[in-house]
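The values are calculated or read from the model by the stated rules, or taken from the named source; none is laboratory data. A quick note: this is a predicted structure, and the numbers were derived from the prediction, not measured. Backbone-built Cβ (ideal geometry, glycine too); neighbour counts: all protein chains shown. Please note that ligands, DNA and RNA were not included when accessible areas were found on the heavy atoms of the full protein model with its side chains. Shrake-Rupley method; radii C 1.70, N 1.55, O 1.52, S 1.80 Å.
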Amino acid sequence: MRRPNERKPLVSHIYTADPSAHVFDGKIYIYPSHDVERDVPDDDDGEQYMMEDYHILSMDDLDSPCIDNGLALSQDDVPWVSKQMWAPDAVKKNGKYYLVFPAKDKEGIFRIGVAESDKPAGPFTPQENFIEGSYSIDPAVFTDKDDKTYCYYGGLWGGQLEMWQSGSFDRDAHRPEGDEDALGPMFAQFSDDMTRFITTPKHLSILDENGKPLKAKDEDRRYFEGPWMHTFKGRYYLSYSTGTTHFICYAESDRPDGPFTYKGRILEPVKGWTTHHSIVEIDGQWYLFYHDIELSGVTHERCVKYTKLNISEDGTIETIHPYD
Ligand code: FUB
């Protein structure tokens, strides 16, 4: 039996994507990208995704209406941002709420910034500059049981992850291909006050069933963008989009920083090019928040949805066929 809101656009008055869902203070908050209608041709760098601000959504429970809490942060209020406020996440720490978001700086380089509020839906006050040493897109923030807070991030192609392989930015950097090892997402630990990284960012490894790193040509399984972390019975589950093949997959480890072993598929392709998700436990049941383009039919005008996620006792996740 599906819930009344399940697999339906949660809001339709604005376009929303990349939903990072959390339960804060007994209520469901969704931190999405706010897609805008732009007559820009699609390209591999994602120039069609010209988002300018964030609106936080909330629901009293899974069957209640989804509320748009209004403008939470605009690019006009962030000194270092030039454009493209892409997929954000949020964390509650020290009694405050932190919105963690990627955007292009004045040089057109994706960086990751933090903004703070006393309320989960904002409005948020941004830090003056981006996190030093941060780059690329799609931050997912995870606080472990020892209260350490980590950032998983990075995206290929328009997300610029390949451009940092040498340690500094190189627009012409070689993209791993064929039998070369695929790039994994990045991983770093936040300071307790969420103002900086206190570890040097490192690439995470995703291994196949033989303990070998996934190859760049393995597009059905290798990492592309949109990381998320959840734990289940003490183990760490890294899930992500495979981009070009449009799957959400997952890999498992006994540590937050891997190495991770590929396990399987969580979500078959949705309508649209991108697929991006979050996983959250609500009242003892797991849910997947995701998006598609049901409302518009346009790649960069997406709508967020949720559906039930079944996880077996051993941590195996049942694959979701979104239109069954
Ligand atoms: O929303 C812009 C980009 O599209 C995100 O950063 C990616 O994960 C993809 O969903």
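Where a ≥ b ≥ c are the square roots of the eigenvalues of the C-alpha gyration tensor, would you call segment 171-297 rounded, which needs a/c under 1.5, or, failing that, prolate if a/b is larger than b/c, or oblate? Provide the component values of the computation, followed by the final result.
Values: a/c = 1.33, a/b = 1.02, b/c = 1.30.
Rounded shape, in that the Cα axes give a/c under 1.5.
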Checklist entry - Is there a pair in K27/K305; K92/K305; K104/K202; K104/K212 whose C-alpha atoms are over 25 Å apart, and which pairs would that be? => result K104/K212
Checklist outcome for this item: Taking a crude spin-label model, label points 7 Å out from Cα along the C-beta direction, the K217 to D25 distance in nm is 5.4 nm
Item to check | Under Karplus coefficients 6.51, -1.76 and 1.60, residue-wise ³J(HN,Hα) of segment 220-233 in Hz, glycine/proline x | outcome: 6, 10, 6, 5, 10, 6, x, x, 8, 10, 9, 10, 8, 6
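With both partners inside segment 15-309, how many of the DSSP beta bridges are antiparallel, as a percent to the nearest 5? Write down the numbers at each step before the final one.
Numbers: 75 of 77 bridges.
Antiparallel bridges: around 95 percent, rounded to the nearest 5.
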Item to check | Interchain or long-range residues, amide H under 5 Å from A87's placed H | outcome: D138
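Is segment 157-208 best put as rounded, prolate or oblate by its Cα gyration tensor, with a ≥ b ≥ c the root eigenvalues, rounded for a/c under 1.5, and otherwise prolate when a/b is larger than b/c, oblate when not? Intermediate results must be reported in sequence, preceding the final value.
Values: a/c = 3.01, a/b = 1.62, b/c = 1.86.
Because a/c hits 1.5 or more and a/b fails to exceed b/c, segment 157-208 counts as oblate.
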Checklist entry - So who's got an amide H within less than 5 Å of the one on K263, skipping anything under 5 residues away but keeping other chains? H placed 1.01 Å off N, in plane. => result Y250, A251, E252
Checklist outcome for this item: Checked segment 15-309 against the a/c 1.5 cut and the a/b vs b/c comparison, axes a ≥ b ≥ c from its Cα gyration tensor; verdict rounded
Checklist entry - When only Cα pairs under 8 Å and 6 or more residues apart are kept, what is the percent relative contact order across the chain? => result 15 percent
Item to check | HN-Hα J in Hz across segment 255-263 - Karplus 6.51, -1.76, 1.60, θ = phi - 60°, x for Gly and Pro | outcome: 9, x, 10, x, x, 9, 10, 4, 10
Checklist outcome for this item: Spelling it out for L309: with amide H atoms placed in the peptide plane at 1.01 Å from N, the residues 5 or more places away or on another chain with amide H under 5 Å from its amide H are W286, Y287, L288
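Do any trypsin sites (Lys or Arg not before Pro) in segment 127-199 lie in a DSSP loop with no more than 14 other beta carbon atoms within 10 Å, and if so, which?
Details: sites: K145, K148, R171, R196; in loops: K145, K148, R171, R196.
Loop-located and lightly packed - K145, K148, R171.
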Item to check | Point-to-point label distance, D144-E132, nm (Cα→Cβ direction, 7 Å offset) | outcome: 2.4 nm
Item to check | Spin-label model distance (nm) - K92 vs T319, 7 Å beyond Cα toward Cβ | outcome: 3.6 nm
Item to check | Filtered GluC sites (Glu not before Pro), segment 29-131: DSSP coil and at most 13 other beta carbons within 10 Å | outcome: E37, E107, E128
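Enumerate by residue number the chymotrypsin sites (Phe, Trp or Tyr not before Pro) in segment 241-324 meeting two conditions: DSSP loop (anything except H, G, I, E, B), and at most 15 other Cβ atoms within 10 Å of the site's Cβ.
On the way: sites: F247, Y250, F260, Y262, W273, W286, Y287, F289, Y290, Y306, Y323; in loops: F247, W273, Y323.
Taking segment 241-324 and a limit of 15 other Cβ atoms within 10 Å, the loop chymotrypsin sites (Phe, Trp or Tyr not before Pro) found are Y323.
What percent do you get for the relative contact order of segment 80-217 when only Cα pairs under 8 Å and 6+ apart count? Numbers along the way, then the final one.
Details: 309 pairs, mean separation 23.9, N = 138.
Relative contact order here is 17 percent.
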Checklist entry - Just the accessible area per residue of the chain, please: how many Å² with a 1.4 Å probe? => result 41 Å²
